[in-house]
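The structure under discussion appears below in the form of C-alpha cells.
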Amino acid sequence: MNYQLADESLREDLISNEELRIQSDELLTSLLDNLSDENINNPGSADFDDVSEILASISVSRAKQGFTPRETGVYVFSLKEALLETLKDEVKDQEALYRHSMAINRLIDYFGVSTFETFIRGREEVILRQTDEINEISTPVIRVWDGILALPIIGTLDSARTQVVMENLLQEIVDTGSSIAILDISGVPAVDSLVAQHIIKTVSATRLMGAECIISGIRPEIAQTVVHLGIDLSQIITKSSLASALKTSFTMLNLEVNRKQRIKTILQ
C-alpha cells in the first residue's frame with residue numbers, strides 16, 4: 001500500500017484508498033494462502049488459479065473504470081517491490097536471497113503479463129460495446145410519412161454496420177407496414193466498391209420485404225466515383241437530396257402535397 005500510495009499516477013478519482021486496500025488485501029491473502037516451496041517456481045500452477053481470477057477481475061474492472069495499462073501494471077508490480085524488500089531484510093544468505101528473488105521476479109512477472117492480457121481484453125470489450133451503441137444511435141430509422149421510412153447514414157459503412165442498418169430497417173418495415181424506404185447517404189464521406197456493395201445488399205433486402213428503396217444524397221463526387229468504379233445502380237432509384245427522394249415517394253404513393261393558402265379576413 002505504501003508503494004501504491006506513493007506513486008504519482010495514483011487515480012484517487014477512480015478508486016478510493018479504502019477500495020485499493022481491500023483489493024490489495026484480497027490479492028495478498030490469496031497469494032500467501034496458495035504459495036509454497038513446490039509451486040513458487042511454477043507460476044502457471046493450478047494452485048494460483050484463485051490469484052489469477054482475482055487479478056483478472058481487478059484488470060477488467062479497471063479497464064471499464066478508465067485506468068491505463070501503466071496504472072494497472074503499477075498495482076501488480078508494487079507487490080514485487082514489497083516482496084523483494086521483505087526478502088532483503090529477512091534473508092541474510094546471499095545465495096538464498098538471489099534464488100528467492102529470482103523466483104519472486106518470475107512469479108510476479110507472470111502475473112503482470114496475465115494482468116495486461118486480461119486488461120486488454122476488458123478494454124476491447126468496452127470498445128466493442130461502445131461501437132455497438134454508436135452504431136445503434138447513428139442508424140435511426142425515421143417514419144417521415146405514412147408508408148415512408150427514411151434512414152440517414154452517417155459515417156463509413158462496413159460489414160458489421162451494414163448488418164445493423166439492414167436489421168433496423170427491415171424490422172421497421174415490418175412494424176410500420178411501410179412500402180418505401182429512403183437511404184440517405186449524404187453523410188457518407190466516400191463511396192468505394194465495398195460501400196456500394198453494402199448499399200446494394202441493403203436495397204435487395206428491402207425489396208425482398210416488399211418495399212421499394214430510394215437512395216438519396218448522391219453528391220457529384222460520389223456519382224463520379226460510382227461511374228469510375230463501374231458500379232451498376234441503374235436498377236435503383238437515386239436522388240440528389242432527401243427532399244427530392246421524399247417528393248418521388250409521394251408520387252409513387254399517389255399523394256399530393258399542396259400549400260394551403262391562408263386568407264386573412266379583416267372585420268371592420
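The single condition among (1) under 34 Å from the mean Cα position of the chain (by Cα); (2) at pLDDT 90 or above; (3) in a helix (DSSP H, G or I) that Ile200 does not meet is (2). Within region 102-129, residues that are farther than 20 Å from Glu53 by Cβ reach partners that are of a type in the set (S, T, N, Q) with beta carbons closer than 6 Å, at six or more positions or on different chains, in the pairs Ala103/Asn41.
Of Asp89, Asp109, Asp33, which residue is surrounded by fewer than 18 Cβ atoms within 10 Å (Cβ to Cβ), modelled with pLDDT of 85 or more, in the same structural domain as Ala6 (by TED's automatic domain parsing) and under 33 Å from the mean Cα position of the chain (by Cα)? Step through it out loud before you land on a result.
Values: Asp89 fails: under 33 Å from the mean Cα position of the chain (by Cα); Asp33 fails: under 33 Å from the mean Cα position of the chain (by Cα).
Asp109 is the lone residue from the list that is surrounded by fewer than 18 Cβ atoms within 10 Å (Cβ to Cβ), modelled with pLDDT of 85 or more, in the same structural domain as Ala6 (by TED's automatic domain parsing) and under 33 Å from the mean Cα position of the chain (by Cα).
Screening the candidates Gln235, Gln224 for the property of being out of contact with any Cys (no Cβ under 6 Å at 6 or more places or on another chain), surrounded by fewer than 17 Cβ atoms within 10 Å (Cβ to Cβ) and not in a helix (DSSP H, G or I) yields one hit, Gln235. Could you tell me whether Ser9 is among the hydroxyl-bearing types (Ser, Thr, Tyr), over 19 Å from Gly112 (Cα atoms) and at pLDDT below 85? No; evaluated as a whole, the condition is false for this residue. When we screen Gly73, Gly66 for residues that are touching a Ser or Thr at 6+ places or on another chain (Cβ under 9 Å) and small (Gly, Ala, Ser), the only hit is Gly73.
Condition check for Val174 on (1) out of contact with any Leu (no Cβ under 6 Å at 6 or more places or on another chain); (2) closer than 14 Å to Val144 by Cβ: one failure, at (2).
Of the residues Ala96, Ala56, which is assigned to a helix (DSSP H, G or I) and either surrounded by 16 or more Cβ atoms within 10 Å (Cβ to Cβ) or of a type in the set (S, T, N, Q) (or both)?
Working: Ala96 fails: either surrounded by 16 or more Cβ atoms within 10 Å (Cβ to Cβ) or of a type in the set (S, T, N, Q) (or both).
Testing whether each residue is assigned to a helix (DSSP H, G or I) and either surrounded by 16 or more Cβ atoms within 10 Å (Cβ to Cβ) or of a type in the set (S, T, N, Q) (or both) leaves just Ala56.
Scanning region 210-220 for any residue that is in a helix (DSSP H, G or I) and modelled with pLDDT under 85 turns up at least one such residue. If the condition is being farther than 15 Å from Ser114 by Cα and without any contact (Cβ under 8 Å) to a residue 60 or more places away in the chain, then region 62-78 contributes Gln65, Gly66, Phe67, Thr68. Of the numbered criteria (1) part of a helix (DSSP H, G or I); (2) surrounded by 14 or more Cβ atoms within 10 Å (Cβ to Cβ), the one Glu117 fails is (2).
The values are calculated or read from the model by the stated rules, or taken from the named source; none is laboratory data. Source: prediction; values computed, not measured. Positions of Cβ are generated from backbone atoms using ideal geometry, with glycine treated the same way; all protein chains shown enter the neighbour counts.
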